[in-house]
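The structure appears right after this line, and notes come after that.
Every number in this text was worked out from the coordinates using simple rules, so none of it is lab data. Because the structure is a prediction, the values reported are computed rather than measured. Cβ sites come from the backbone with ideal geometry, for glycine too, and all protein chains shown count toward neighbours.
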Amino acid sequence: MIWTQHSLTQLIGSNMKINIHDNEKVTIHADAINCCGLTMDFGGTPSWENSDDNIATISTAGDGLSCEVTAVSAGSTDVTVSYGGKSNVATITVDAAILDSITSWNDVPVSQ
């Protein structure tokens, strides 16, 4: 049997278009795909970049294959994952926080 090395042809991620609200968090996971369309081992750690830290911040998980995105303020930013000359972009849209209720100073609910 002859074994061949399959090279990375594509980098994909979950949740590539995301809408979240202020202070919400979401995790993006990256997968490396070979020429046969199969998931392959990275053999290293991909890099993650964010185009606008004023809209959302990012932090990578221990294995580097996942990235946690935390919404900061309303707007849009792109989070890019790169490895082996390939990259993919997740567009993050942060919507303004939604007001669920209002409570008066006396802890009496205000009618809507």
Handout entry: Subset of region 51-65 that is under 20 Å from residue 32 (Cα atoms) and of a type outside the set (Val, Ile, Thr) - its residue that is surrounded by the fewest Cβ atoms within 10 Å (Cβ to Cβ)
Key = 62
Exercise for the section: From the list 76, 47, 59, pick out the single residue that is of a type outside the set (A, V, I, L, M), more than 22 Å from residue 19 (Cα to Cα) and within 13 Å of the chain's Cα centre (by Cα). Expected result: 47
Problem - Tabulated pairs, region 17-29, first at positive phi, second in a strand (DSSP E or B), C-beta under 8 angstrom, 6+ apart or interchain - result: 23/70; 23/71
Completion exercise
Scanning region 66-83 residue by residue, those surrounded by 15 or more Cβ atoms within 10 Å (Cβ to Cβ) and not in a strand (DSSP E or B) turn out to be 72
